[in-house]
Every structure is written in C-alpha cells, then in structure tokens.
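> Attaching a single structure in structure tokens format; questions to follow.
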Amino acid sequence: MNKEAARLGVYGWLRSGKRGIEGYLFLLHRITGIALLAFLCMHVFVSLTRLFGEQAWAWAMAMTHSVLIELLEYAVFVAFIFHAFNGIRLIAIELGFVVGRPAEPVFPYKGSITKQRPLTITIMVVAGVLILMGGLELLRLT
Amino acid sequence: MQSRYWFWMLLSAPVILILLGWHMAIMHLEGLLGHMVSISAQPLAWEDVMARGRNVFVVTSYVLLLGAGLFHGFFGLRTILMEYWPGKAAEKVISRSCLVAGIILFSVGTYTTLTFHFFLPAP
C-alpha cells in the first residue's frame, strides 16, 4: 500500500520532484503501458474478423485506411519503442546493473541516479532514433 | 506469491520485446526492413494473412505473445490501480477483475488464432 501515491492521486505522477528525468520516464512508462494494453484489447477483437472470411477482413482493413488511424498506428509504435527501451533500463537497474557498488556515504553525497544517468540518456537516444526511423516508414515520409 | 508474479512480469518483458518487435517489423516496417530481410510487401493482404495462419511457428508465437502481453499488461495495470485503491478488499476486486479480463481476452485471441490455423479454408 502506497499512502503517499493514494493521497496525491494521478496528479502525483506529474510531480517528479528530486527524481528528475527518471520521474518523467516513470510517468511516460505508465501512460504508454496503459495505452498499449488498451490497443492489445482492441487488436484481439479486430483480429477476430479473420474468422468471418476474406470480405470481413477486407472490410476491417478498409476501416484502418485513414490518416487518423495511421497516426494512431504510429503512436502505438512510439509507445512500444519507448516502453520497451525504458523497460530495458528498468530491468537493468532492478537486476543491480549501473547503480554502482554499495559504499560509505561521504559528503558531498552521490546519489544512484547520477550513476544511472548515462544509461538513461543512451537508451533514450537509441529509442529516439528508432522512433524517427519508424516515423519515416509508418508516416510514409521516405 | 507477489515476488513470483514479479518474476513472471520481468520474464515476460524480453519475450514481448522479441516477439512484438518481430511482429511489428513484419507487419509495419516492410519498406524499411524489406531491403535487409525478406518481408512481404503487403502483410495485411488476405493471402499473406492465410499464409501466416498456416505457419505453426507464427501461430505459436502469436499465442505466446498474447499470453505474455496480457499478463504483463494486466499485472502492470493491477499495480497502478492498487496504488490508488489500497486495502485488502480493493486488492481482491482489482486482482480478480484483471484476471477475468485477461482470461477472456486470452481465450478470444487463442480461439481466433487456433481456429484460423486448424480450420483454414483451402487456398
């Protein structure tokens, strides 16, 4: 039970405080996770149209041929890339990588966040490049 | 029990990363990756959908991806919801709701995939 989270509500997501960039990545990780789950639920039912034959499938696919749906498809791609790469960062930290060895606290104190920051920046740059490359393809900019 | 769920949550992440990455690549990035690997130019065409539906590897990966994705997604959603509705009674309602939704979606998705694979019309 997280009393502080319950007290702040969803508004608490927006207050990164001392967590810095990682706090906002946490917020985006949750938002993209919920969005991807919602898409998966919808995708399961859209795929169901296959069972009604070629015409039903063609009808379902025709419904996806609009600028709005193509933009949403790209949004799903962006959400997936971000969630996946931020997830790799979170798993690395969870398993004890890049957080540094335990040491006596000596002033001026160095937080674990400082040690994680290079990984955070590297991973986000790689994710950004993939998001741009995917945009060229999905938004037909090539 | 909670740590066991957390272990499965972590384990499902690389499974999703690999299978969903592959799924997205062949379904949406054919123009970009088609120069490097053999990918259908029209993955949503009925003939291509049928060909994938016949492929045991594709069907297995779809079911695995669906299971891993639903578990990862609903366990994550459960964690978020339990932060805002703490308490044993709320935990029970949230956990059971997520479980039921996950089972329904997994059943529908698996039924679609397997029915399409085993009762596919002849080409």
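The values are calculated or read from the model by the stated rules, or taken from the named source; none is laboratory data. Since the model is a prediction, treat every value here as computed from it, not as a measurement. Backbone-built Cβ (ideal geometry, glycine too); neighbour counts: all protein chains shown.
> Could you check how many residues of the stretch B:31-56 are modelled with pLDDT under 90, more than 8 Å from chain A (Cβ to nearest Cβ) and assigned to a helix (DSSP H, G or I)?
The number of residues fulfilling the criteria is 7.
> Which of the following residues is more than 27 Å from B:A41 (Cβ to Cβ), out of contact with any Ser or Thr (no Cβ under 6 Å at 6 or more places or on another chain) and in a helix (DSSP H, G or I): A:R101, A:R30, A:R50?
Answer to the check: A:R30.
> Can you say whether A:V129 is closer than 25 Å to B:L29 by Cα and either in a helix (DSSP H, G or I) or at pLDDT below 95 (or both), as far as the supplied structure shows?
Judged against the criteria, A:V129 is a match.
> Moving to a separate point now. Go through the stretch A:103-142 and count every residue that is away from chain B (no Cβ under 14 Å), surrounded by 10 or more Cβ atoms within 10 Å (Cβ to Cβ) and of a type in the set (D, E, K, R).
Qualifying residue count for the region: 3.
> Now, a different point. Within the stretch B:71-98, can you find the residues that are surrounded by 14 or more Cβ atoms within 10 Å (Cβ to Cβ), aliphatic (A, V, I, L, M) and more than 10 Å from chain A (Cβ to nearest Cβ)?
Of everything in the stretch B:71-98, those that are surrounded by 14 or more Cβ atoms within 10 Å (Cβ to Cβ), aliphatic (A, V, I, L, M) and more than 10 Å from chain A (Cβ to nearest Cβ) turn out to be B:L81, B:I94.
> Oh, and also: Filter the stretch A:33-52 for residues that are within 20 Å of B:A51 (Cβ to Cβ) and at the interface with chain B (Cβ under 8 Å from one of its Cβ atoms); which is nearest to the chain's Cα centre (by Cα)?
Top of the filtered list is A:S47.
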